[in-house]
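Every number here is computed from the coordinates shown, using simple stated rules; none is lab data. Being a predicted model, the structure only gives us computed values, none of them experimental. Neighbour counts run over all protein chains shown; Cβ positions are idealised from the backbone, glycine included.
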Amino acid sequence: MSHDKIKAAVRQRMTQTGESYTAARRAVLREHHSAGDRGAAAGSAWFPISYRDGGFGGWLDRRHFGRGPARAGVTVNADRLRIRALGDFRLDVPRAAVRSVARSEFRARGWRGMHEVRRGHWLVNGADSGLVELVLDPPPRLERTLGTGFLKRRVNSVTLSLVDPDGFIAAVQPRQP
């Protein structure tokens, strides 16, 4: 959002709510950032990553690193999937690249986080249940981050733990004519 648009939105909010400029600006920026994280465009659906109590590590993620349930999930649009999880896992997938989506039989056995289980096969979870596997072709690449060892990594498939796995599968399935 450009500076002029932010300024206009802040002034409009000030007239509606009577807030000070600083308070209105913070609210406008917070709304804009949360909409951008979730990809809140018309016709999109948000499917959050499911989390179980992560103990100290989970608390640290939520409290100090800005990660966790509020920002982790998948946005399904008409033309793409945006997966945002665990801080630095960011993957944009064209819908045409999704070859299959189904419940996964993978046993996480207490694993939590972002892991390359096998070459090109990723596990992104906050819980052991609600696992869904997306098979992708052509495989997109993850950007260089700490979680990828600062290498561009190929993603042939990704297994996600979702709050609503059946709703996600229904949303991603190709539409029949």
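Some notes on this structure:
- Neighbour counts of other Cβ atoms within 10 Å put TRP46, TRP122 in the fewest-to-most order TRP46, TRP122.
- Order of ARG141, ARG84, ARG25 - criterion: other Cβ atoms within 10 Å of each residue's Cβ, fewest first: ARG141, ARG25, ARG84
- Computed lengthening from ARG90 to ASP4, 0.36 nm per intervening residue step minus Cα-Cα distance: 28.1 nm
- In nm, spacing of pseudo-spin labels at ARG80 and ARG26 (7 Å Cα→C-beta vector): 3.2
- Counted by neighbouring Cβ atoms within 10 Å, the residues ASP4, ASP88 run from fewest to most as ASP4, ASP88.
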